[in-house]
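The values are calculated or read from the model by the stated rules, or taken from the named source; none is laboratory data. What you see is a predicted model; the values in this text were computed from it and never measured. Remember, those area values only see protein heavy atoms, side chains included, never the ligands or the DNA or RNA. Shrake-Rupley method; radii C 1.70, N 1.55, O 1.52, S 1.80 Å.
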Amino acid sequence: MGNVIIAVILIVVVVLAGKGTIKHLKGEGGCCGDGSSIKEPDKKLTGPVVKTKVFKIDGMHCENCTDRVKRAVNRIDGVSAKVNLRKKEAVIEYEHDVDDAKIVNTIESLDYKVVSVSDRP
């Protein structure tokens, strides 16, 4: 009888862990926090957009991850970021020249990996 109870408890734990893993892999839930952070409005650039680049990013799993990247990049003067979790990318608009290495370092300081940077047509 004791073995049956232990087996049932183990099955329940495995099912719950499996559900959490599936949510995590779908980008739902809060891997880096509870996801209840207050959303900041998009940063508005004061000058004209002179170029737009796409930064492909590995390691983002949830909306909290995208919010962290967006906030960090938007702190850089002269750029504005829109981050897409599904595409795993940040589309960054520039109002003046900013070194890509500065943006890459900012993103990677959050423990994400920038895998490519390309100009957006």
Practice task
Using θ = phi - 60° and the Karplus relation 6.51 cos²θ - 1.76 cosθ + 1.60, list the HN-Hα couplings for the range 76-84 in order, rounded to whole Hz, with x at every Gly or Pro.
Solution key: 6, 5, x, 9, 9, 10, 10, 10, 10
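Per residue, how much accessible area does the range 37-121 have with a 1.4 Å probe, in Å²?
Details: 4930 Å² over 85 residues.
Spelled out: the 1.4 Å probe surface of the range 37-121, per residue, equals 58 Å².
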Practice task
Give me the compactness ratio for the range 46-120, meaning the Cα radius of gyration over 2.2 N^0.38 Å.
Solution key: 0.99
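For the range 79-121, what does the alpha-carbon gyration tensor say about shape, rounded, prolate or oblate, given a ≥ b ≥ c as the root eigenvalues, a/c under 1.5 as rounded, and a/b over b/c as prolate? Intermediate values should be presented prior to the final figure.
Details: a/c = 1.69, a/b = 1.15, b/c = 1.48.
Oblate is the answer for the range 79-121, as a/c is 1.5 or above yet b/c matches or exceeds a/b.
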